[in-house]
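See below for the structure under consideration.
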Amino acid sequence: MTVNAVGIYEKALPTGLTWEETFELVHDLGFNFLEFSVDESDERLARLDWTQQERADFRNAMWKTGSRINTLMLSGHRRFPLGSADPAIRAKALEMMEKAIDLAVDLGVRNIQMAGYDVYYEPKTESSREWFIENLKTCVEMAAKKMVMLSIETMDDPFLNSLSKVDYLKTQIHSPFLQAYPDVGNLTAWPENDVAHEIESNIDNIVAVHLKDTKPVTADFPGQFKEVPFGDGTVDFEAVLRLFHRLGYNGSYTVEMWTSKAEDPIAEVKKAKAYFDDLFARIGIIQEPVLSRAA
């Protein structure tokens, strides 16, 4: 019997809560885990430099509430990319990864999700590709030494926008600690992707899945990759989830959404959870039971 954990992206939840309050809310909303964010903002990048006491306080909040973090989403490399033409930025990117691995070890996180950008704010070149691959190899070596998985997200960017491209990258870097983290919204938005074939052909590389809706890239539209309400985009969630279920996928699903513009963020998350609860029940996907709050 296949049982899947279902998590919620940190940015879907209200800000200003303590970690204990956040973890309790995650469970109250029916999720098994929180996906932790280290994005390109100064505020979240500062988490890489948390003190031992800050890390202990975070762990204690998790343990007290019976919670866990399945994935650390390291999107800060968008600002400091591994493929930058500036050697100082590339050095910063490697330093960030080293700190992220140590943070993951201290917090009990097993999987760091990497953004698959060679560069984001700079021109893409043959050199940006080469620097990215060379530095990714170094990142994988660092992670493997501490038994932390690196998983590359399929992106809103043509550099790594398919599982096939991640699979080819794995022919350049041979390690079980480099895997794929498909975002079904991003996969669907690129018209060149045959979504079913992408998943079927690469299921052995998939360690986690983002559930997000998108609107597709066309000749005169760049696509919409964020803040598309579930059901308003073009992702066929029922077909995709049936496919994962048929293939026996038992990794986690993370509902990726943003609610900073919502009048009632919690209501929006509840609506999204109900949307997927209905689909899971219809397909026969069994969700991991949510632990009761620790005493």
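Listed values, structure above:
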read-out: Qualifying residue in the range 75-96 (condition: open to solvent by 20 Å² or more (accessible area, probe 1.4 Å), touching a Lys or Arg at 6+ places or on another chain (Cβ under 7 Å) and of a type in the set (A, V, I, L, M, F, W, C)); value: yes
read-out: For residue 228: the one exception among (1) modelled with pLDDT under 95; (2) open to solvent by less than 30 Å² (accessible area, probe 1.4 Å); (3) among the aliphatic types (A, V, I, L, M); value: (1)
read-out: Hits in the range 237-270 (condition: closer than 18 Å to residue 25 by Cβ, surrounded by 13 or more Cβ atoms within 10 Å (Cβ to Cβ), out of contact with any Leu (no Cβ under 8 Å at 6 or more places or on another chain) and touching a residue at least 24 places away in the same chain (Cβ under 8 Å)); value: 257, 258, 268
read-out: Tally, over the range 96-134, of residues that are within 30 Å of residue 52 (Cβ to Cβ), out of contact with any Gly (no Cβ under 7 Å at 6 or more places or on another chain) and assigned to a helix (DSSP H, G or I); value: 11
read-out: Matching residues, the range 254-295, being over 20 Å from residue 66 (Cβ atoms), among the small types (Gly, Ala, Ser) and in a loop (DSSP other than H, G, I, E, B); value: 260, 262, 284
read-out: Residue 223, sole failed condition from (1) open to solvent by less than 50 Å² (accessible area, probe 1.4 Å); (2) in contact (Cβ under 8 Å) with a residue 60 or more places away in the chain; (3) on the phi < 0 side of the Ramachandran plot; value: (3)
read-out: Test: residue in the range 109-117 that is under 19 Å from residue 240 (Cβ atoms) and either among the β-branched types (Val, Ile, Thr) or touching a strand residue (DSSP E or B) at 6+ places or on another chain (Cβ under 8 Å) (or both); value: yes
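The values are calculated or read from the model by the stated rules, or taken from the named source; none is laboratory data. As the structure is a computational prediction, the values presented were derived from the model and not from experiment. Glycine gets a Cβ as well: all are built from the backbone with ideal geometry, and neighbour counts include every protein chain shown. Side chains included, ligands, DNA and RNA excluded: accessible areas come from the protein's heavy atoms. Shrake-Rupley method; radii C 1.70, N 1.55, O 1.52, S 1.80 Å.
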